[in-house]
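Here the structure comes first, spelled out in structure tokens, and everything after it is commentary.
The values are calculated or read from the model by the stated rules, or taken from the named source; none is laboratory data. Values in this document were obtained by computation on a predicted structure and should not be read as measured data. Counting neighbours? That spans all protein chains shown, and the Cβs are built from the backbone with ideal geometry, glycine included.
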């Protein structure tokens, strides 16, 4: 391996890390005596510049990625879904940084921004990683950043409590994941995804070994934790509620994008290692002979089955639990669990072509954008009313009309009402599932997903009812800085525009696959 | 040209939503201008389309990767329903002239709803149709929840959830049809010609029919309708009964019957004379007709009578659709128009003209108020609207229901016999409401007698008179000369029943 090649592939990561160091130098060195908001503006500015620089250097990455010496297999990929996910991570990081403006939960602004940037670096690595070790390092880099960010509001007991819970759950799930990885290595003798897939196809020709099931369940547990799929979701409501708003938005968007990019990577590796003449759904195991694995619900392969179970559990439980919430942040957490469930359907039914990958990315990127906007709006209300309970939103339309409009559009988009982008994402995703397999099982799963999204309208309307219908409990405007309001309005505009012109983002995504 | 009905409605909604608060008079005028412009375009489009079949207005790729087109087109059925929407919009704005609270928001939601309705009637791409169909849900919720009366939050949420569940069923069918057809197009014409397998149509048809039928007041999924109508402010109940329920019926016709005609084929076995989805839905429609009428007969709230009568009248629409005969479906479409006008009128009289003055809708209290003498305009209007609703010859309801019954007779005579009972009960409940509200001879109890003499009711205003006359004119013109609409409806229905939507 040539270090110059490695450097060329990791240019965006390098740009982010340099920005992180600059932030620290500037904030801890030059701006020590400056006012809090000045320091925030300066740090955010550098963070934004760093993300922009990372995006600008992406075209100079080595085409196709980095391979092992003397082997055609990828170690780090570039282009295709990886680039889309990385750009998504960078853009969403920029938006979460803007949420920091005007907040006062910490005095350690420089550290906050630096940790955000480093965590985003972990996200970039995960999206590119094709080797279990790289993936694991990326995941840990991201996770450690997230634990710190969650605990950042040092004056808040809730923040500390939720960070502790998140850390304990996270540590355990990382252990599961590593354990699963070690089994995979033991079964196949490699840590490279492509080599693992190929080895599995040849070694499990007569049916998968029980050890493989164990390994996959462990890995699903580890990754299920990252995307907050039921039953590994327990950290999510507490973390969303306790973490400072920019941190919560970061966890809800950037971390999700990175984790789903990893799942796409696993699916793509599996799909591309398979002989194209063979049916797509039998993957990870090569149980094409009659003595192979039993067929579960019409689709085979333990991975698909495990993921489908997680998907159904998440969308049913997430939506039903959200009905009972009184805290809007917890509501957003449960709705995030439900959304993860929808996306996992497309992970379970993954296609050889890039339909599934694009549908998942489309969903998670637009969802990330929407949810950052939602957290931004919620945190503004919280800052004035001191609570994120439903009743804090009473009569918001009279106290800040723009903010009320933002909440209306974003929540309806989350509920999947056309012509907003959330609807297109859902349609695109479910259509991708059905295009991969037209059997009874995917139809039933999609029907459950659609039925559950009908349930979700109820709890989104509960919030909107308080915003628009009920009279305010107290008077006085809810004010935010013009920058924050501007960013929220920009996100809302994007949600509307991308919803009215859904082809725009799809053709943008298609350009990354040109020449692959 | 008809496409502008959609654009100006949404543009009007946007202008009203963004305009500074505190100028209700201006908001009203803008809303009226937008609604009137839409109505004028609808009339012009109707006149220009006379004698033509399906005319494509615009057809451009919308989501090229998924084969989704932005296709707006109009055939005879669409033009009639667009006309109805324009009429209901103008009447709705006029009857909401007295809304003073959050006026611009009210009309913004109102026009957004109208824009969505226009869009559904003009879409010839299943996907686009679905988008507009869902756009119409949200404004309904806020119209009822903010400006409504009796149990408004409950009714609004119920209505929104029922609509959303219905549209979720439609979405499942849409996704399934898109995947099954495999042509990567959601154009209605393409899907109708895609030769979808019969086994697929057999399950897609009932799911789509129920999905849309929920909004059309299909028994037993109708329960949102009475509560929603009663809780809604007058203009919203006029729109709900007048056009939103028609969206459901239109979807049943255009999507369920148009795309999955084989779903109506016999199953090959029968149980108590029910041998196909057609029989099932005809039975539900007939039950709806009779049940709605019977429940209307027992109400003590004036508005609930009209609410349940809508369920009964929409039963005729659904029955007409599943007759699958030319005359029956013609009648169903005509009934959509007719009920849209008459129900709008009835809701306006009860909700605006009477309730806004008496502040009660209970028959027990109205009986002692001498409304026949104190509100002669309302009494006259209700007499005319009531007889139109009963189906007296000379009004649009008569022609429509007659055709439905003829179609039902051709299909299965007992459907006609059973729904005939519904008509008789219809006469009874209308009469009862008329008598109790306006012409009661019960003398007021001593405690009901005001000490200072009967207070004067507020005078009838010009918007009320104008809108009432407009709706009267519509039902009379169609009643006396039904060919004005039927000439347009017949060829379109013929083409639709022949399959392939050509």
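Hey, among B:207, B:243, which residue is within 12 Å of chain A (Cβ to nearest Cβ) and farther than 16 Å from residue B:304 by Cα?
Working: B:243 fails: within 12 Å of chain A (Cβ to nearest Cβ).
Sole residue among the options that is within 12 Å of chain A (Cβ to nearest Cβ) and farther than 16 Å from residue B:304 by Cα: B:207.
Which count do you get for residues in the stretch B:107-130 that are part of a helix (DSSP H, G or I) and away from every other protein chain (no Cβ under 14 Å)? Steps first, answer last, please.
So the first thing to find is which residues in the stretch B:107-130 are part of a helix (DSSP H, G or I), and the list is B:107-122, B:126-130.
Next cut, away from every other protein chain (no Cβ under 14 Å) only: B:107, B:110-111, B:114, B:117-118, B:121-122.
The total comes to 8.
Would you be able to say whether some residue in the stretch B:141-155 is within 17 Å of residue B:251 (Cα to Cα), within 11 Å of another protein chain (Cβ to nearest Cβ) and at pLDDT 85 or above?
In the first step, residues of the stretch B:141-155 are kept if they are within 17 Å of residue B:251 (Cα to Cα); the result is none.
There is no residue in the stretch B:141-155 that is within 17 Å of residue B:251 (Cα to Cα), within 11 Å of another protein chain (Cβ to nearest Cβ) and at pLDDT 85 or above.
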Original post:
Looking at (1) more than 21 Å from residue B:307 (Cβ to Cβ); (2) modelled with pLDDT of 85 or more, which is the only condition residue B:394 fails?
Top reply: (2)
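Output yes when any residue across the stretch B:68-81 is in a helix (DSSP H, G or I), within 13 Å of another protein chain (Cβ to nearest Cβ), more than 21 Å from the chain's Cα centre (by Cα) and closer than 30 Å to residue A:427 by Cα, and no when none is. Let's see the steps before the verdict.
Applying the first criterion (in a helix (DSSP H, G or I)) to the stretch B:68-81 yields B:76-81.
Going one step further and asking which of them are within 13 Å of another protein chain (Cβ to nearest Cβ), we end up with none.
No - not one qualifying residue is present in the stretch B:68-81.
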Original post:
Looking at the stretch B:32-57, which of the residues that are part of a strand (DSSP E or B) and surrounded by 13 or more Cβ atoms within 10 Å (Cβ to Cβ) is nearest to the other protein chains (Cβ to nearest Cβ)?
Top reply: B:57
Original post:
Does residue B:335 meet the test of being more than 30 Å from residue B:277 (Cβ to Cβ) and either modelled with pLDDT under 90 or crowded, with 24+ Cβ neighbours inside 10 Å (or both)?
Top reply: no
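Would you be able to say whether some residue in the stretch A:73-85 is in contact (Cβ under 8 Å) with a residue 12 or more places away in the chain, assigned to a helix (DSSP H, G or I) and within 23 Å of residue A:373 (Cβ to Cβ)? Can you show your working first?
Narrowing the stretch A:73-85 to residues in contact (Cβ under 8 Å) with a residue 12 or more places away in the chain: A:73-85.
With assigned to a helix (DSSP H, G or I) added as a condition, the list becomes A:80-85.
Checking the rest, the ones that are also within 23 Å of residue A:373 (Cβ to Cβ) come to A:84-85.
Scanning the stretch A:73-85, I find at least one residue that is in contact (Cβ under 8 Å) with a residue 12 or more places away in the chain, assigned to a helix (DSSP H, G or I) and within 23 Å of residue A:373 (Cβ to Cβ), so the answer is yes.
Could you say which residue among B:168, B:192 is more than 10 Å from every other protein chain (Cβ to nearest Cβ) and within 27 Å of the chain's Cα centre (by Cα)?
Of the residues listed, the single one that is more than 10 Å from every other protein chain (Cβ to nearest Cβ) and within 27 Å of the chain's Cα centre (by Cα) is B:192.
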Original post:
Got a sec? Which of A:157, A:122, A:102 is over 19 Å from residue A:26 (Cβ atoms) and surrounded by 24 or more Cβ atoms within 10 Å (Cβ to Cβ)?
Top reply: A:122
**OP:** Go through the stretch A:430-445 residue by residue and tally those that are part of a helix (DSSP H, G or I), surrounded by fewer than 24 Cβ atoms within 10 Å (Cβ to Cβ) and within 7 Å of chain B (Cβ to nearest Cβ).
**Re:** 4
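So for the stretch A:33-42 (the condition being assigned to a helix (DSSP H, G or I), out of contact with any helix residue (DSSP H, G or I) (no Cβ under 8 Å at 6 or more places or on another chain) and in contact (Cβ under 8 Å) with a residue 40 or more places away in the chain), does at least one residue qualify?
So the first thing to find is which residues in the stretch A:33-42 are assigned to a helix (DSSP H, G or I), and the list is A:36-42.
Adding the requirement that they be out of contact with any helix residue (DSSP H, G or I) (no Cβ under 8 Å at 6 or more places or on another chain) leaves A:37-38, A:41.
This time we only want the ones that are in contact (Cβ under 8 Å) with a residue 40 or more places away in the chain, so: A:37, A:41.
Within the stretch A:33-42, one or more residues are assigned to a helix (DSSP H, G or I), out of contact with any helix residue (DSSP H, G or I) (no Cβ under 8 Å at 6 or more places or on another chain) and in contact (Cβ under 8 Å) with a residue 40 or more places away in the chain.
Does residue B:133 fit the bill of being at pLDDT 90 or above and either within 11 Å of another protein chain (Cβ to nearest Cβ) or not in a helix (DSSP H, G or I) (or both)? Give the steps one after another, and end with the answer.
Details: at pLDDT 90 or above: yes; either within 11 Å of another protein chain (Cβ to nearest Cβ) or not in a helix (DSSP H, G or I) (or both): yes.
Spelling it out, residue B:133 is indeed at pLDDT 90 or above and either within 11 Å of another protein chain (Cβ to nearest Cβ) or not in a helix (DSSP H, G or I) (or both).
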**OP:** List the number of the failed condition for residue A:486; all other conditions in (1) more than 14 Å from chain B (Cβ to nearest Cβ); (2) surrounded by 23 or more Cβ atoms within 10 Å (Cβ to Cβ) hold.
**Re:** (2)
Original post:
Within the group A:453, A:379, which residue is farther than 30 Å from residue A:512 by Cα, more than 14 Å from chain B (Cβ to nearest Cβ) and in a helix (DSSP H, G or I)?
Top reply: A:379
Subject >> Which listed residue is at the interface with another protein chain (Cβ under 9 Å from one of its Cβ atoms), surrounded by 23 or more Cβ atoms within 10 Å (Cβ to Cβ) and in contact (Cβ under 8 Å) with a residue 12 or more places away in the chain, from A:468, A:411, A:427 >> reply: A:468
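Kindly establish whether residue B:65 is within 14 Å of another protein chain (Cβ to nearest Cβ) and touching a helix residue (DSSP H, G or I) at 6+ places or on another chain (Cβ under 9 Å).
Numbers: within 14 Å of another protein chain (Cβ to nearest Cβ): yes; touching a helix residue (DSSP H, G or I) at 6+ places or on another chain (Cβ under 9 Å): yes.
Spelling it out, residue B:65 is indeed within 14 Å of another protein chain (Cβ to nearest Cβ) and touching a helix residue (DSSP H, G or I) at 6+ places or on another chain (Cβ under 9 Å).
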Original post:
Checking residue B:18 against (1) more than 14 Å from chain A (Cβ to nearest Cβ); (2) out of contact with any strand residue (DSSP E or B) (no Cβ under 7 Å at 6 or more places or on another chain), which test does it fail?
Top reply: (1)
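Of all the residues that make up the stretch A:492-514, how many are within 9 Å of another protein chain (Cβ to nearest Cβ) and closer than 15 Å to residue A:361 by Cα? It would help to see each step written out before you state the result.
Filtering the stretch A:492-514 down to residues within 9 Å of another protein chain (Cβ to nearest Cβ) leaves A:501-503, A:506-507, A:510.
Retained after the next criterion (residues that are closer than 15 Å to residue A:361 by Cα): A:502-503, A:506-507, A:510.
Looking only at that region, the number is 5.
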